[in-house]
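Report on the structure given below.
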Amino acid sequence: MPDGSKLETTNLVVGEFDILAVNCFTFEDKWHFVFAKNKDLPRTNFRKYTEAQRQYLLATTVKVIWPPTGIFTDNIFSLLDKIIEEQSNEPKEVVIVGEKGKLPFIAEE
């Protein structure tokens, strides 16, 4: 965990993946999927975990309905566009790398 603690859990971790995909076939006997960004998924409220740990653990169940509402969408492409836009707005870490006897260069992570 980011706070240094170690857990044995079946909960998924915030940031472990970008998009959750849910098969909604049982709603209409048609192949429908809904998608949500990891960072928008609800966190666990299980009291076994500390408040600090809960903010990094996803809830083990999420209510899904068809047609999608709230954090869910059936358009994965618009969701991917949002993720790309969010990531392009994040500040990038720049590291100056230099070796003795050579000119330094910028390495972007």
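The values are calculated or read from the model by the stated rules, or taken from the named source; none is laboratory data. As the structure is a computational prediction, the values presented were derived from the model and not from experiment. Every residue, glycine among them, receives a Cβ derived from its backbone with ideal geometry; neighbour counts consider all protein chains shown. In case anyone asks, the SASA skips ligands and DNA or RNA and just uses the protein heavy atoms, side chains included. Shrake-Rupley method; radii C 1.70, N 1.55, O 1.52, S 1.80 Å.
Would you work out if the chain is rounded, prolate or oblate? Take a ≥ b ≥ c from the square roots of the eigenvalues of the alpha-carbon gyration tensor; rounded if a/c is under 1.5, else prolate when a/b is larger than b/c, oblate otherwise. Judged from the Cα gyration tensor, the chain comes out oblate (a/c at least 1.5, b/c at or above a/b).
Basic side chains Lys and Arg get +1 at the Cβ, acidic Asp and Glu get -1 at the Cβ, and with that the dipole of the chain about its Cα centre reaches some 420 debye. Taking every DSSP helix (H) stretch of at least 4 residues in the chain, weighting each as -39,500 (n - 2.57) and dividing the sum by the residue count yields a mean residue ellipticity at 222 nm of -5000 deg cm²/dmol.
Taking only protein heavy atoms and a 1.4 Å probe, what accessible area per residue, in Å², does the chain have with all protein chains in place? That works out to 78 Å² for each residue.
For the set LYS48, LYS6, the ranking by accessible area, highest first and with no ligand, DNA or RNA atoms included, is LYS6, LYS48 under a 1.4 Å probe.
For the chain, the longest principal axis of the C-alpha atoms and the axis of helix 76-89 are separated by about 30°.
For PHE33, the residues whose amide H sits under 5 Å from its own are CYS24, ignoring neighbours fewer than 5 places away on the same chain, with H placed 1.01 Å from N. Taken over segment 16-75, the convex hull of the Cα atoms encloses 86 Å³ per residue.
For segment 1-39, the list of GluC sites (Glu not before Pro) that fall in a loop by DSSP and count at most 10 other C-beta atoms within 10 angstrom reads GLU8, GLU16. Under a 5 Å amide H cut-off, with hydrogens placed 1.01 Å from N, LEU57 pairs with VAL14, THR44 among residues at least 5 apart or on other chains. Taking the protein heavy atoms of the chain in the context of the full set of protein chains, the accessible area attributed to carbon and sulfur is 54 percent at 1.4 Å.
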